[in-house]
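Participant: Could you have a look at this structure, given as structure tokens, before my questions?
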């Protein structure tokens with residue numbers, strides 16, 4: 001018999017969690033190379049890909065050279081910057097966020113290319129490349145992970161970014177996506193979960209990591225129900241290879257990053 005747990009929680013209405021703000025790429029292009037500009041790029045990478053020092057080291061050189069224009073200010077395509085400035089003058093801001101999105105599409109594309117190159121090196125037997133790749137992919141949290149032991153011997157919940165919590169939220173009965181994070185605080189929340197599904201998710205996470213040492217299961221949830229995610233995990237455990245899972249992981253975190261950029265920029269434009 002399937003065991004189902006229904007939890008109803010009533011709390012005072014709280015302010016929704018603040019969504020992170022992405023730096024403006026046209027603004028960064030106008031700045032000279034500097035620690036401040038690097039810090040802004042790191043902030044964008046952390047928001048879109050989850051924090052990873054390994055990713056910072058891998059991506060910053062190409063982003064500075066190919067996205068922002070190297071050592072000088074006003075890098076990249078001057079026409080793009082002029083168009084972005086003109087778009088920003090539109091009263092509803094719609095053209096402005098779409099222009100910003102084009103810059104972030106290029107940023108994610110550059111990171112994707114760099115990660116694909118590292119994946120190819122890892123597939124060719126480069127141990128350091130594989131370790132770096134697994135470190136980057138491991139920056140994303142496990143799906144539905146339960147509390148883990150803390151250094152003090154107690155237990156603390158999985159530390160999720162606002163965006164990760166929202167993206168996984170509907171798997172626990174809450175909203176999903178960046179917009180979901182903005183409306184996460186409600187007075188009454190009713191969550192229906194199947195205990196067998198939660199146990200299966202934890203079991204499959206462990207089985208996946210045993211099957212593919214150094215990796216954790218990463219996928220762009222994209223609103224899919226838990227049953228679909230579980231079926232995907234089973235299939236990948238049964239049929240996948242380490243190299244294929246590395247490639248899938250790279251594509252997943254880049255798809256997640258692009259989706260985050262799109263939602264955050266649109267939400268910011270709608271609130272302005």
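The values are calculated or read from the model by the stated rules, or taken from the named source; none is laboratory data. In this text the structure is predicted, and so the values were computed from the model without any measurement. Counting neighbours? That spans all protein chains shown, and the Cβs are built from the backbone with ideal geometry, glycine included.
Participant: Answer with yes or no whether residue 23 is assigned to a loop (DSSP other than H, G, I, E, B) and either modelled with pLDDT of 90 or more or surrounded by 15 or more Cβ atoms within 10 Å (Cβ to Cβ) (or both). Steps first, please.
Facilitator: Working: assigned to a loop (DSSP other than H, G, I, E, B): yes; either modelled with pLDDT of 90 or more or surrounded by 15 or more Cβ atoms within 10 Å (Cβ to Cβ) (or both): yes.
The answer is yes for residue 23.
Participant: Out of all the residues in region 241-272, which are over 30 Å from residue 96 (Cα atoms) and either modelled with pLDDT under 90 or touching a helix residue (DSSP H, G or I) at 6+ places or on another chain (Cβ under 7 Å) (or both)? Give the derivation first.
Facilitator: The first filter runs over region 241-272 and keeps only residues over 30 Å from residue 96 (Cα atoms), leaving 241-249.
Those that are over 30 Å from residue 96 (Cα atoms) and either modelled with pLDDT under 90 or touching a helix residue (DSSP H, G or I) at 6+ places or on another chain (Cβ under 7 Å) (or both): 243, 245, 246, 247, 249.
Participant: Further, regarding this structure: Pick from 163, 133: which is assigned to a helix (DSSP H, G or I) and modelled with pLDDT of 95 or more? Steps first, answer last, please.
Facilitator: Working: 163 fails: modelled with pLDDT of 95 or more.
Result of the check over 163, 133: 133.
Participant: Something else: What tally of residues in region 194-216 results from selecting those that are under 19 Å from residue 131 (Cβ atoms) and free of Cβ contacts under 8 Å to residues at least 60 places away in the same chain?
Facilitator: Residues meeting the conditions: 6.
Participant: Would you mind stating whether residue 251 is buried (at least 16 other Cβ atoms within 10 Å of the Cβ), under 17 Å from the mean Cα position of the chain (by Cα) and either without any contact (Cβ under 8 Å) to a residue 60 or more places away in the chain or not assigned by TED's automatic domain parsing to the domain that holds residue 119 (or both)? Break it down stepwise before answering.
Facilitator: On the way: buried (at least 16 other Cβ atoms within 10 Å of the Cβ): yes; under 17 Å from the mean Cα position of the chain (by Cα): yes; either without any contact (Cβ under 8 Å) to a residue 60 or more places away in the chain or not assigned by TED's automatic domain parsing to the domain that holds residue 119 (or both): yes.
Criteria met by residue 251.
Participant: Sort through 32, 61 and tell me the only one that's over 30 Å from residue 119 (Cβ atoms) and either surrounded by fewer than 19 Cβ atoms within 10 Å (Cβ to Cβ) or at pLDDT below 90 (or both). Before you say what the answer is, go through the steps one by one.
Facilitator: On the way: 61 fails: over 30 Å from residue 119 (Cβ atoms).
Result: 32 is the single residue among 32, 61 that is over 30 Å from residue 119 (Cβ atoms) and either surrounded by fewer than 19 Cβ atoms within 10 Å (Cβ to Cβ) or at pLDDT below 90 (or both).
Participant: Something else about it: When region 31-49 is examined, which residues are found to be assigned to a loop (DSSP other than H, G, I, E, B) and either touching a helix residue (DSSP H, G or I) at 6+ places or on another chain (Cβ under 7 Å) or without any contact (Cβ under 8 Å) to a residue 40 or more places away in the chain (or both)? It would help to see each step written out before you state the result.
Facilitator: Looking only at region 31-49, we keep the residues that are assigned to a loop (DSSP other than H, G, I, E, B), and these are 31-34.
Answer for region 31-49, where residues must be assigned to a loop (DSSP other than H, G, I, E, B) and either touching a helix residue (DSSP H, G or I) at 6+ places or on another chain (Cβ under 7 Å) or without any contact (Cβ under 8 Å) to a residue 40 or more places away in the chain (or both): 31, 33, 34.
Participant: Still on this structure, I have one more. Report yes if some residue within region 213-230 is part of a loop (DSSP other than H, G, I, E, B), over 18 Å from the mean Cα position of the chain (by Cα) and modelled with pLDDT under 80; otherwise report no.
Facilitator: Going through region 213-230, the residues part of a loop (DSSP other than H, G, I, E, B) turn out to be 213-225.
Okay, now just the ones that are also over 18 Å from the mean Cα position of the chain (by Cα), so 213-214, 225.
From what's left, modelled with pLDDT under 80: none.
Among the residues of region 213-230, not one is part of a loop (DSSP other than H, G, I, E, B), over 18 Å from the mean Cα position of the chain (by Cα) and modelled with pLDDT under 80, which makes the answer no.
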